[in-house]
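A.B. asks: Before I ask anything, let me first share the structure, which is written out below as structure tokens.
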Amino acid sequence: MKPIDLPADASNIRSASIFIVGYDLATRRMLTSYLNRDLETSCVLGARELLRRLRIAEPDLIVLDPDLEEIDGLELLREVRQKSAVPIIFVSDRDGEETERVVGLELGADDFMMGPLSLPELRARIRAKLRRRLMGRANSSRRRGCRYTFEGWILDQRKRHVLSPEGEHIRLSKREFALLSAFVEAPWQTLSRAHLLSVTRRHEDVFDRSIDVQVFRLRRKLRDNPQTLIRTARGVGYVFETEVEID
């Protein structure tokens, strides 16, 4: 079979950081030895160390053992998702039940691989998710400085101001401005609380429910009552339901 030449990445995936969380010593060595050929990986022994390291700095992706000793992997996923939107891939070398995979994906896992483990497939899935993540950041950077209009409102990212349909300047906090920017950049899409948290937080001790408070304040300033602009997607997050134009 002729080797396939992989396409060059738009962004430098080699600079991305990956945490390998859990697993026994032999599996950790196998994963890091294989992935370190072209990816920057580091081992995290368990849940406590992962949560401690996330308070310091986020990786670009986490490969997570669903069978942790100190805490169930699904429970750890739930806890991480309250504070972070970092991509997470569950990887197990055993056959798993469909229910476990479904629950993991519902709780916010980005992928779920069960045995028998294929290292080339894992590497490909990691690179695909990193590529989308880094390209998303690049697209977001290119959009900064744009002028968005919706329902007569104007959000100017370069001047960092918001105008009402009557031409009134509306004062938004930094978090409210970041939140509205996230909405106008992705209209009609369901944005999770974890994602909105990642684009609005300034400190590591911000909790998930603070997003609900920020949305409430933003709705009030946008006069969104009843809520026709920002719809609540129960159990998930919010949707910005209006047409948005970019100048």
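A.B. asks: Along the charge dipole of the chain, pointing to its positive end and built from +1/-1 on Cβ of Lys, Arg, Asp and Glu, which listed residue (Val102, Pro87, Val215) has its Cα farthest out?
C.D. replies: Val215
A.B. asks: How far apart, in nm, are the 7 Å Cα→Cβ label points at Val199 and Cys43?
C.D. replies: Distance between the two pseudo-spin positions: 3.8 nm.
A.B. asks: Another question, if that's okay. Give the span of the chain's Cα atoms along each principal axis, as three whole-Å numbers ordered largest to smallest.
C.D. replies: The Cα atoms of the chain stretch 65, 42, 33 Å along their principal axes.
A.B. asks: With r defined as the distance between the Cβ atoms of Ala124 and Ile246 and R0 fixed at 41 Å, what FRET efficiency is calculated, to the nearest 0.05?
C.D. replies: Efficiency at R0 = 41 Å is approximately 0.75.
A.B. asks: May I ask you to derive the FRET efficiency for Arg158 and Ala57 from their Cβ-Cβ distance with R0 = 45 Å, giving the value to the nearest 0.05?
C.D. replies: 0.95
A.B. asks: Could you please rank Ser15, Ser198, placing first whichever residue has the fewest other Cβ atoms within 10 Å of its Cβ?
C.D. replies: Ranking Ser15, Ser198 by Cβ neighbours within 10 Å, fewest first, gives Ser15, Ser198.
A.B. asks: List Glu69, Glu79 from most exposed to least, where exposure is judged by having the fewest other Cβ atoms within 10 Å. Display every interim value, and only then the final one.
C.D. replies: Working: Glu69 10, Glu79 15.
So the residues, fewest neighbours to most, are Glu69, Glu79.
A.B. asks: Once the piece of chain linking Glu168 and Cys146 is laid out straight, how much longer is it, given 0.36 nm per residue of separation minus the C-alpha distance between them? Intermediate results must be reported in sequence, preceding the final value.
C.D. replies: Working: separation 22, 0.36 × 22 = 7.92 nm, distance 1.93 nm.
Length gained, Glu168 through Cys146: 6.0 nm.
A.B. asks: If the only charges are +1 at each Lys and Arg Cβ and -1 at each Asp and Glu Cβ, what is the size of the charge dipole of the stretch 144-246 around the Cα centre, to the nearest 20 debye?
C.D. replies: The calculation lands at about 380 debye.
A.B. asks: Within 10 Å of each residue's Cβ, count the other Cβ atoms and sort Val80, Val244 from fewest upward.
C.D. replies: The most exposed by this proxy come first: Val244, Val80.
A.B. asks: Still on this structure, I have one more. If I take R0 = 25 Å and measure r between the Cβ atoms of Arg132 and Tyr34 in this structure, what FRET efficiency does the formula 1/(1 + (r/R0)^6) give, to the nearest 0.05?
C.D. replies: On the way: r = 22 Å, r/R0 = 0.87.
The pair Arg132/Tyr34 has a calculated efficiency of 0.70.
A.B. asks: Extension gain Glu75-Trp188, at 0.36 nm per residue separation less the Cα-Cα distance, in nm?
C.D. replies: Computed gain between Glu75 and Trp188 is 37.7 nm.
A.B. asks: Looking at the square roots a ≥ b ≥ c of the eigenvalues of the Cα gyration tensor of the stretch 13-140, which shape do they give, rounded for a/c under 1.5, prolate if a/b is larger than b/c, or oblate? Write out the running numbers ahead of the final one.
C.D. replies: Details: a/c = 1.27, a/b = 1.13, b/c = 1.12.
Here the stretch 13-140 falls in the rounded category.
A.B. asks: Once you charge only the Cβ atoms, +1 for Lys and Arg and -1 for Asp and Glu, what is the size of the charge dipole of the stretch 47-106 about its Cα centre, to the nearest 20 debye?
C.D. replies: 520
Readers should treat all values here as calculations from the given coordinates under stated rules, not as data from a laboratory. All of these numbers come straight from a predicted model, not from anything done at the bench. Neighbour counts run over all protein chains shown; Cβ positions are idealised from the backbone, glycine included.
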